[in-house]
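Beneath this line is the structure, given in structure tokens, with notes to follow.
The values are calculated or read from the model by the stated rules, or taken from the named source; none is laboratory data. Predicted model, so just to flag it, every value in this text is computed and none were measured. Note: ideal-geometry Cβ built from the backbone for every residue, glycine included; neighbour counts use all protein chains shown.
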Amino acid sequence: MQTKSNIGSFDAILDEKYGKVGTPERDAFHREAYAYCVGQIILDARKQERMTQSDLAKKVGTDKTYISRIEKGAIEPGVGLFFRIMDALGLKVEIARPLM
């Protein structure tokens, strides 16, 4: 008995849906995906600290709506605000060169 496999390359799926690596469409997708992931990290850390969006906003000098938009991945915080958020949530940011 022979079965069909629907397993394919994830890169091929992304190529088809968003264009090849280096195209404006694929770059936009990458930025949106990155913003979403950063937002989820912040959301998870905030909940783990049992902090509301309003609490976090007060600690970092912004408003609840801005924190909400960051957590949803709608916007990316600037570097300064990002580091204040990390500090307020007790997270550590390390900058390292990738291994080659």
* To do: Those residues that are buried (at least 16 other Cβ atoms within 10 Å of the Cβ), out of contact with any Pro (no Cβ under 9 Å at 6 or more places or on another chain) and closer than 25 Å to Glu32 by Cβ, I need them from segment 42-51; list them, please.
  => Leu43, Ala45, Arg46
* What are the residues in segment 80-100 that are of a type in the set (Val, Ile, Thr), surrounded by fewer than 14 Cβ atoms within 10 Å (Cβ to Cβ) and either in contact with a helix residue (DSSP H, G or I) (Cβ under 7 Å, 6 or more places away or on another chain) or closer than 22 Å to Lys47 by Cα (or both), if any? -> Val93
* To do: With respect to Ser54, determine if the residue is of a type in the set (Ser, Thr, Tyr), without any contact (Cβ under 8 Å) to a residue 40 or more places away in the chain and in contact with a helix residue (DSSP H, G or I) (Cβ under 6 Å, 6 or more places away or on another chain).
  => yes
* Could you say whether any residue in segment 71-85 is in contact with a Leu (Cβ under 6 Å, 6 or more places away or on another chain) and basic (Lys, Arg)? -> no
* To do: Please name all residue pairs, on different chains or six or more residues apart, with Cβ atoms under 8 Å, provided the first residue is in segment 21-35 and is under 21 Å from Lys72 (Cβ atoms) and the second residue is among the hydrophobic types (A, V, I, L, M, F, W, C).
  => Phe29/Leu14; Ala35/Ala74; Ala35/Ile75
* Asked: With segment 43-88 as the region, which helices (runs of 4 or more DSSP H) entirely inside it contain at least 3 residues that are under 13 Å from the mean Cα position of the chain (by Cα) and within 27 Å of Phe29 (Cβ to Cβ)?
  -> 64-71
* Looking at segment 52-75, which of its residues are aliphatic (A, V, I, L, M) and either touching a His at 6+ places or on another chain (Cβ under 8 Å) or surrounded by 18 or more Cβ atoms within 10 Å (Cβ to Cβ) (or both)? -> Leu56, Ala57, Val60, Ile67, Ile70
* When Ile7 is evaluated against the numbered criteria (1) on the phi < 0 side of the Ramachandran plot; (2) loosely packed, with under 11 Cβ neighbours inside 10 Å; (3) modelled with pLDDT of 90 or more, which criterion, by number, is the only one it fails? -> (3)
